[in-house]
Amino acid sequence: MKRWLPSPWLSLGLFLGWLLLVRSTSPGQLLLGLLVAVVMPLLMAPLRPTPGPLRRWGVLLLLILRVGRDVVRSAIEVARGVLRARRQPPRGTFVVVPLELRDAHALASLAMISAVIPGTVWSELAPDRSSLLVHVFDLDDEAAFIAHFKADYEHPLKEIFE
């Protein structure tokens, strides 16, 4: 089965996406959608990265909840910063965060987390992966930000992937 459908969920998504795009369930479109759903994952299989080793599912769940909480909190803080920008401009700055993470999947997850949280932007990863440059929208205390970033995101990812 894996030989013909290396990624069944992707195939299902492609098939349903095809039907939604053409807005037809005629036999020809069903057949064409099925063809796309089977052939595309086969052609793209060599490009798929190997799955990451997820070790601690409980930590992953807590990380997801923590990121969700931080998204809401940061969105409120950024909105406040934008509303008071004329009186008190935000103190946007770049912060260098030293990293202990080395796993590619963990680093990709950290990139997604920092992109999702309002007010932070992943700017650059050092070539040796020893530090990360993050732009922060409004920063009071750099040391506190680094401690928060490492404790809330990096250490859980390290537990999950390494």
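Bear in mind these aren't lab numbers, they're just calculated from the coordinates by the rules spelled out. Keep in mind it's a predicted model, so treat the numbers as computed, not measured. Cβ atoms come from the backbone with ideal geometry, glycine included; neighbour counts cover every protein chain shown.
When the helices of the chain are scored as -39500 (n - 2.57) per DSSP H run of n ≥ 4 and the total is divided over every residue, the value at 222 nm lands at -17500 deg cm²/dmol. Kirkwood radius for segment 1-113, taken over all pairs of different Cα atoms as the inverse mean of 1/r, rounds to 18.8 Å.
Extent of segment 8-47 along its three principal axes (Cα atoms, max minus min coordinate, largest first): 32, 14, 13 Å. Seen from a random direction on average, the alpha-carbon convex hull of segment 88-144 projects onto 4.0 square nanometres. In this simple spin-label model, placing a label point 7 Å from the Cα along the Cα-to-Cβ direction at both Ser7 and Arg23 gives a separation of 2.8 nm.
Enumerate the residues in segment 109-150 having an amide nitrogen under 13 Å from the point lying 7 Å beyond the Cα of Glu162 toward its Cβ. Flagged as within label range: 110, 129-132, 150. Computed over the chain with a Gaussian network model linking Cα atoms closer than 10 Å, the most mobile of Phe137, Phe94, Phe15 is Phe15. Rounded to the nearest 20, the size of the Cβ-charge dipole of the chain about its Cα centre is 580 debye, with Lys and Arg at +1 and Asp and Glu at -1.
Here segment 57-161 is treated as a sphere whose radius is the Kirkwood value from Cα pairs; by Stokes-Einstein at 37 °C and 0.692 mPa s it diffuses with a coefficient of 230 µm²/s. Here Leu30, Leu16 are placed in order of increasing Cβ neighbour count within 10 Å, fewest first, which gives Leu16, Leu30. For the chain, the longest piece that avoids every one of the trypsin sites (Lys or Arg not before Pro) found in DSSP loops with at most 12 other C-beta atoms within 10 Å covers 92-162. Across segment 13-23, coupling constants 3J(HN,Hα) worked out from phi with the 6.51/-1.76/1.60 Karplus curve, θ = phi - 60°, read x, 5, 4, 5, x, 4, 5, 5, 5, 7, 6 Hz, and Gly and Pro carry x.
Amide H contacts for Ser123 (H built 1.01 Å from N in the peptide plane; partners 5 or more residues away or on another chain; cut-off under 5 Å): Leu133, Val134, His135.
When each of Thr50, Thr93 is scored by the number of other beta-carbon atoms lying within 10 Å, the sequence from fewest to most is Thr50, Thr93. Derived scalar couplings between HN and Hα for segment 93-103 equal 7, 8, 10, 9, 9, x, 10, 9, 5, 10, 5 Hz in order, rounded to whole Hz, by the Karplus curve 6.51 cos²θ - 1.76 cosθ + 1.60 (θ = phi - 60°), x for Gly and Pro. When Ser11, Ser130 are arranged by Cβ crowding within 10 Å, least crowded first, meaning fewest neighbours, the order is Ser130, Ser11.
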